[in-house]
Amino acid sequence: MTEERLDQLLKEMRDEGAAPEQVAAAQDRVWQKLAGSASLACAEFRPELGDYLAGQLSGSRRLLIDDHLGRCQQCRRVLAGIKGESQILAMPQPPRVWFTGWTRWAVAAGLVLAALYLGRDTIDAALAPSGPRATVVSVSGAVYRVPQGALEPGATLSEAEVIRTTAGSRAILRLADGSTMEMNQRTELSVHAAWTGQTIRLDRGDVIVEAAQQRRGRLRVVTHDSIASVKGTVFAVSSGAAGSLVAVVQGSVAVSRPGSERVLTGGQQTATNRALEQVEVRQAISWSLDAEKYYTLLAEFIQIEKQLVQTGPALRTEARLLRYLPSAVEIYFAIPNLDGAIRQALSLVDQRARENSVLNEWWSSDKGQELKQTLDRLQAVTPLLGEEVLFLFTKQPEAMPLVLAQVQPGRQDALRQALARIAADHPEKMSYQVTSQDLLLISDSASHLATMAARLGGGAASPFAQEIARRYQSGVSWLAGIDIAALGSEIQQSPQGRILGVPNMRYLFFEQRWGGGRNDNEATLSFQGSRTGLASWLAPPGSAGSAEYVSGEAVVALSASTRDPRQAFDEILSLAGADHVADIRKFESETGVNVSADIAASLGADFTFAVERPSLPMPGWVAAFEVVRPAVLDDSIRKHVDALNRAGRQVTLTQETVNGRSWTSLQTGGSPAVTVHWTYDRGYLIASMDRALAARAITVRASGSSLVHSAAFLERFPAAGGIHHSGFLWVNTNGLLADLASLVQSPAVKSLMGSRDPILVVLDGETERIHTASRTRLTSLIFDLFLAHGAVAPNS
C-alpha cells in the first residue's frame, strides 16, 4: 500500500460519522481503562511534581508528565495544591498536528519506550526464572505459611507467599539463587523473584542472610523504610516498631532509605531510628542458631593453629629478592614459602574433621570446599617457588600491587601451566609473567604488571631497602615494612598529624620469628630525628613503681612512663589549633586552674591503669599515678568542682579518714551517680570507683605480690630488651573468660576457658624510635579477641 493511499484511508476514517450514543459508550469504555491504570502512573509521577514545577526534570521526563497531566484530573488537583491554587488546572490543549511519513513512526517508537519504562517492574518480574523461590532447609519450633499451615524441611515457597515463625522458633531457608537465610522467632517475610535478582520483603522480625554471588542484579532485603542490596556477603536485617537496622558481618551492603544511601562494610551498621544506632553487630546476630557452631569451629581452629606453629621453616637471614625491589615501593611484606604449611594444614583439618562433626560439616560445605580448592591450587604452585614470597605495593602514580617470587630452576613451564589453571577462574583479577631472570611477577592488571616489571631493581639501593636488609640480620619468618614518609604528606601536614608526631615518622616494621623453639614478635616505629607530638610522650626505659599496685589476678593492665608532663603538655598546646587553645583558656578562666602550672606540673612521669575485676555493668578498675605536688592537685580539683556546681552540675567532694588513711571522694549528680575514691601512698595517687579495690592495691604493693613479680608475667617476658622498659600491656584473656563464666551460656565457649595464655607486650621509647616486643603470635591474639568478644555477647 502506498503512502498516499494510507493517507486517503485515514482521512476517510476521520470523516466517517457515528451515532451519539456510540460515541458516548466508546468514551466511557476508554475512560474506565484509563482510570483503572491511572494509579500506577500516578504513583510513578506524583513524587516528581515538585521537580516538574521547579523545571528540574529532563526534557523527555517533562513530556511524559505533561502527557499524564493532560489525562489525569486527580494529578492536576495535586499539582494545583502544590502550587497553592484551589482551582482545577485546565487540561492542556496541544495544537492539532497531522503527522505524516516518518513522524508517525517516531511517535509510535516514543510511546513504546514510554510503555516499557512505565512497565519496567512488571517486565522485570515477568522475566524471572520459573520454579520455587525458596526451600525450607531446617526448622526449630514451628514456621507457617500464611494462612495455609505449618511447613516442614523440604517444603518450597512460591512467589510472594508469606511465612512466619512463632515465638521461640527459628528457620533456615535456601533461596533459588543459592543464598541462605536464617529467620529469628516471630519473623514474617515473603520472597519475590525478578530478572534483576531476588527480593526478601521483611514485614517484621530479624533475618541473617548469607548471600551467594549474584550472576546478575542484586539480592535485596526490603523493609517498610529501607532497602539493603548486595551481590555476595553476610549481613543481618531487623525490622520492628522502632525502625529498621542493617548490620554487616562480612563484605559490603548498599543501604538506601528515603533521602540517603550508604555503603556498609564488615562490622558496621545503620538504622532508620537514631535510638537503634548503638546496637552492635554482635548483638544483631546473637540470636543465630549457628552461634554455638561458630564457637566450636573457633576452638578447632585454635587447636590447628597451635599444632601448625610447633614446626616451621628455618629463619631467613638473607634478603635474596631485595635486589629486585622496584622503585617507589611503600609497603613490603615477606612471608616464607608456605608449601609445607599448606600441606600440613590440609592434613590437620582432614584429621580433625573426622573427629568433630561441626568441623566436618563446615569442611564439607560449599565454603569449606571452596577454601580447600583454593589451597589445592596454591599447593600446585608453591613447590615451584623459592624460599620467600614478597607482596609489594606502591601508589605512585596509582595504587599498584605486585607479588614477587623466585622460580625453582627448570620449573618455569610447570609454573606457567599451574598459574594458567588458577587464572582461568579469575582472568580479570590476575596478570602474571615469568621473566628471563626466573622471577614470577603477579599483579591485578596487565598495565600494572608492565609498569612494575619495568621498575625492577630501581629501589634496591633505596634507604627503605637498606632498612629492610638490616631486619634480616636477626632472622625473620614474617616481615612487614611501611615507608610512612613516602605514603603522602596530607596527614603529615594536618593539625592532627602534627599533634601525633606524624611528620617525623619514617618507617614502621612488624617482625615475627617462630619455629625451632623461637617465638618472638616485634614492632618498631622509627623517626627522622627526635620524636615529636604525642609520639614523644613515651619516656626512655627506666624503673617505675606504679605497676606495683596491680595484682597478679588483673585482667588488663597498661603501665607506662612519660616525659615531664608539663613540658609535654606545653608542646602539644603549641601545636594545637586556635579552637583548642581557646577552650583551655576558657576552662582556666572559669575555674581559676592553670592546666600547665597546677595540673601537669603536679603529675609525675609514671602511671598504671588496671582492670582487676570484669564485673558488669561497670568493671572494677584501679589507677595509680605518680604525683609530685598532691596539695596543688587536690586544690585544682576543688576549684574545678566549685566551677561545676556554679554551672548547676551538682558534684560533691568529700573527705574522710578510714583506718588512719585519708580518703577523698568525688560523686557526680544525676542517674546513675558515679563516685571515684582516691588516696595517696608512697608518692602515688591510688584511685578506683570501689574504695575496697583501691585499699587492696595498696596491700598488694606492701606485700610484694604484684603482677610484675608473678611467675606468669615473668614467664611471658620477651627475650628482646634490657632490664628496664618504658611500659607494658598485659591482657589475661583466660582470667576474663573465667570471671565471666557465670554469664556465659555457650558450652563451646566454656570449654575454651583455661586454655588461653595471657598476652604481654613490652614497650620501649628511644630517642628516634618506639619498639614493642611480645611472645604472643598475631594469630593467637586474633583468636583471643574473638573469644573475649564472644564470651560477653548477649544470649551467647
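Table for the structure above
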item: With all protein chains modelled, accessible area of ILE335 [1.4 Å, Å²]; result: 20 Å²
item: Region 655-696: relative contact order as a whole-number percent, Cα under 8 Å and 6+ apart; result: 25 percent
item: Principal semi-axes in Å for region 359-443 [√(5λ), Cα gyration tensor, largest first]; result: 26, 18, 12
item: Average projection area in nm² (convex hull over Cα atoms of region 312-454, one quarter of hull surface); result: 10.0 nm²
item: Protection proxy ranking, peptides 640-650, 430-440, average beta carbon neighbours within 10 Å, highest first; result: 430-440, 640-650
item: Equivalent ellipsoid semi-axes - Cα gyration tensor, region 654-695, angstrom; result: 20, 11, 9
item: Solvent-accessible surface ranking, highest first, for VAL381, VAL731 at 1.4 angstrom; result: VAL731, VAL381
item: Packing rank of 551-559, 471-479, 363-371, where each peptide gets the mean count of other beta carbons within 10 Å, highest leading; result: 551-559, 471-479, 363-371
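The values are calculated or read from the model by the stated rules, or taken from the named source; none is laboratory data. In this text the structure is predicted, and so the values were computed from the model without any measurement. Methodologically, a virtual Cβ is constructed for each residue, glycine included, from the backbone with ideal geometry; neighbour enumeration extends over all protein chains shown. Heavy atoms of the whole protein, side chains included, go into the accessibility calculation; ligands, DNA and RNA do not. Shrake-Rupley method; radii C 1.70, N 1.55, O 1.52, S 1.80 Å.
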